[in-house]
Amino acid sequence: MSLRLYNTMGRKMEDFVPITPGKAGFYGCGPTVYNYAHIGNLRAYVFLDILDKTLSFLGYDVTHVMNITDIGHLSGDADEGEDKMVKTAKERGQSVLEIAQFYTDAFFEDFKKLHIRRPDIVCKATEHVQDMIDLIKRLEEKGHTYMAGGNLYFDVSTFPDYGKLACLNLDDLKAGARVEVDQNKKNPFDFVLWFTNSKFENQALVWDSPWGVGYPGWHIECSAMSMKYLGEQIDIHTGGIDHIPIHHTNEIAQSEGATGKKWVNYWLHNEFLVIAKEKGQDAEDKMSKSSGNFLTLQSLIDKGYDPLDYRFFLLGAHYRSQVAFSWPAMDSAKSARKALNQRIAKVVEQNKGDTTTEVAIVLSQAAQAHLDKFTAALENDLATPQALSALQGAVKDNTIKPKEILYLVKKMDEVLSLALLEQAEALYKEKTEVKETHLSDREAEEIRQLLEERTSAKQAKNYARADEIRAELTNRGIQIIDTPQGPQWKRI
């Protein structure tokens with residue numbers, strides 16, 4: 001089996017065939033850094049991490065690009081509302097760039113806590129304005145733009161395939177369209193490429209351009225930066241499902257309008273995390289910064305959860321399934337992860353505390369079957385619930401050697417990133433230390449005397465007695481370790 005992904009463009013599962021054999025380039029929409037990321041936002045980035053690590057696990061040379069929106073964009077994707085960056089800067093009494101850097105740093109601190117691999121290329125919008133201007137020029141040259149009210153717009157009527165990602169019919173949309181606030185648009189679905197007539201007084205960040213001093217629209221940054229680093233045709237573009245009808249739809253129009261070529265081969269979108277419905281509540285709520293209905297990762301930590309409890313919780317659902325967050329659900333995830341770590345710690349104990357795993361190991365047929373099941377789950381559109389099930393099955397299988405189980409745990413954790421071996425080893429050491437500290441003085445003295453007697457027996461070449469002492473100590477749960485400094489022991 002090979003990797004198969006659900007392509008939002010066409011709404012079907014497809015075999016993944018990269019543009020360049022052996023390589024995989026993908027672009028993931030990053031954050032607008034005006035506030036802390038909430039746990040719903042972080043679900044998207046755990047999904048991106050699983051995609052990134054799955055592609056690496058399957059042998060692809062991966063280039064992962066993510067944008068940081070530090071120019072800011074309006075509250076609505078359709079060029080409406082207030083500028084989020086400017087609003088926060090005014091509230092905090094800081095510059096827009098100071099706000100952006102603070103929340104960018106906080107965002108990547110959450111990455112570390114969740115064991116999310118930092119993208120290969122992280123590009124800030126403020127550092128790529130010229131790339132955006134150059135792309136807008138190409139659109140202008142091909143007749144896709146018009147000036148109105150001081151702003152430069154993309155004319156969707158010049159792009160016949162507009163709305164294909166969201167399965168929208170432009171004629172139907174026009175017939176039922178609401179009246180837009182922006183009366184300068186020829187069509188309600190036209191969007192701004194460059195603002196020279198700002199909606200705000202004393203706009204914080206502005207640049208010179210062929211259309212006047214101003215700033216770029218939000219949608220253009222993703223097109224410009226993805227093409228700068230991945231080329232005019234890319235393998236995969238990801239984002240939340242809320243990006244489908246406007247942001248990603250507009251990205252396609254301006255990217256393909258400029259190049260005349262298909263832009264993205266595979267569109268992957270993750271579902272929402274919602275707050276679980278409580279008694280008397282009519283519906284589940286989407287987590288949202290604008291509504292104030294959100295929890296940060298630190299909120300979970302303050303409640304006593306490890307960030308990896310949250311990662312484990314997310315892996316238990318497919319990225320295309322809506323997930324209902326609740327504290328009981330988090331408790332279940334915390335307990336399940338703890339139980340998994342304890343089971344792996346027992347395997348470490350069976351392997352006499354040795355957690356070193358060979359780079360290449362010839363697995364038994366039974367062990368290989370577990371790895372094949374895990375790989376097949378990932379190849380089936382990143383099915384993490386089934387991947388976790390394969391891991392659980394391997395850990396519980398007493399028909400394969402402990403050394404093989406630990407190898408499988410390490411291999412599977414390349415994608416799951418739950419620090420499984422590290423935490424199991426810590427549990428094992430903690431247990432061993434507790435055992436040793438509970439030895440009575442009499443027991444410790446008996447062990448010391450037996451070790452001295454064994455040393456004397458070996459010196460006298462009475463190897464039979466030396467072996468008897470080793471066997472006696474083993475039966476009492478004591479392992480002898482011969483070192484250049486003399487025999488050492490530990491509880492087993």
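The values are calculated or read from the model by the stated rules, or taken from the named source; none is laboratory data. Just so it is clear, the structure is predicted and the values come from calculations on it, not from any experiment. Quick reminder, even Gly has a Cβ in these numbers, built from the backbone with ideal geometry, and neighbours come from all protein chains shown. Surface accessibility is based on the protein's heavy atoms, side chains included, excluding ligands, DNA and RNA. Shrake-Rupley method; radii C 1.70, N 1.55, O 1.52, S 1.80 Å.
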Leading residue by the ranking (modelled with the highest pLDDT) among those in the range 439-450 that are open to solvent by less than 60 Å² (accessible area, probe 1.4 Å) and under 52 Å from the mean Cα position of the chain (by Cα): Ile447
Please tell me if Phe325 is touching a Phe, Trp or Tyr at 6+ places or on another chain (Cβ under 9 Å) and either closer than 30 Å to Ile275 by Cβ or of a type in the set (D, E, K, R) (or both). yes
Given the conditions (1) polar (S, T, N, Q); (2) closer than 24 Å to Asp397 by Cα; (3) surrounded by 14 or more Cβ atoms within 10 Å (Cβ to Cβ); (4) at pLDDT 95 or above, report the number of the one that Thr355 does not fulfil. (4)
Have a look at Glu425, Glu414, Glu379 and point out the one that is of a type in the set (Asp, Glu), open to solvent by 70 Å² or more (accessible area, probe 1.4 Å) and in contact (Cβ under 8 Å) with a residue 24 or more places away in the chain. Glu414
Across the range 446-492, which residue is farthest from Gly353 (Cα to Cα) among those that are of a type outside the set (D, E, K, R) and in a loop (DSSP other than H, G, I, E, B)? Ala460
Looking at the range 451-468 only, could you name the residues that are open to solvent by less than 70 Å² (accessible area, probe 1.4 Å) and either over 17 Å from Gln479 (Cα atoms) or of a type in the set (Phe, Trp, Tyr) (or both)? Ser456, Ala457, Ala464
Total residues in the range 1-34, condition within 14 Å of Met66 (Cα to Cα) and part of a strand (DSSP E or B): 5
Identify, from the list Tyr6, Tyr34, the residue that is crowded, with 22+ Cβ neighbours inside 10 Å and aromatic (Phe, Trp, Tyr). Tyr34
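Just checking, how many residues over the range 292-323 are of a type in the set (Gly, Ala, Ser) and within 18 Å of the chain's Cα centre (by Cα)?
3
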Residues of the range 319-329 classified as surrounded by fewer than 19 Cβ atoms within 10 Å (Cβ to Cβ) and touching a residue at least 24 places away in the same chain (Cβ under 8 Å), total: 7
Residues that are over 29 Å from the mean Cα position of the chain (by Cα) and within 18 Å of Asn250 (Cβ to Cβ), drawn from the range 120-133: Ile133
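Quick grid of which residues meet (1) at pLDDT 95 or above; (2) out of contact with any strand residue (DSSP E or B) (no Cβ under 7 Å at 6 or more places or on another chain); (3) surrounded by fewer than 19 Cβ atoms within 10 Å (Cβ to Cβ); (4) among the charged types (D, E, K, R):
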{"residue": "Ser209", "(1), (2), (3), (4)": "yes, no, no, no"}
{"residue": "Gly214", "(1), (2), (3), (4)": "no, no, no, no"}
{"residue": "Met225", "(1), (2), (3), (4)": "yes, no, no, no"}
{"residue": "Asp235", "(1), (2), (3), (4)": "yes, no, no, yes"}
{"residue": "Ile241", "(1), (2), (3), (4)": "yes, no, yes, no"}
{"residue": "His248", "(1), (2), (3), (4)": "yes, no, no, no"}
{"residue": "Glu251", "(1), (2), (3), (4)": "yes, yes, no, yes"}
{"residue": "Glu256", "(1), (2), (3), (4)": "yes, yes, no, yes"}
Name the one entry in Lys396, Lys338 that is of a type in the set (Lys, Arg), surrounded by fewer than 17 Cβ atoms within 10 Å (Cβ to Cβ) and either without any contact (Cβ under 8 Å) to a residue 12 or more places away in the chain or farther than 28 Å from Gln479 by Cα (or both). Lys338
Phe313: buried (at least 19 other Cβ atoms within 10 Å of the Cβ), at pLDDT below 95 and either touching a strand residue (DSSP E or B) at 6+ places or on another chain (Cβ under 9 Å) or not aromatic (Phe, Trp, Tyr) (or both), yes or no? no
For the range 60-128, which strands (runs of 3 or more DSSP E) that fit wholly inside it have 1 or more residues that are at pLDDT 70 or above, open to solvent by 20 Å² or more (accessible area, probe 1.4 Å) and of a type in the set (Val, Ile, Thr)? 61-68, 121-124
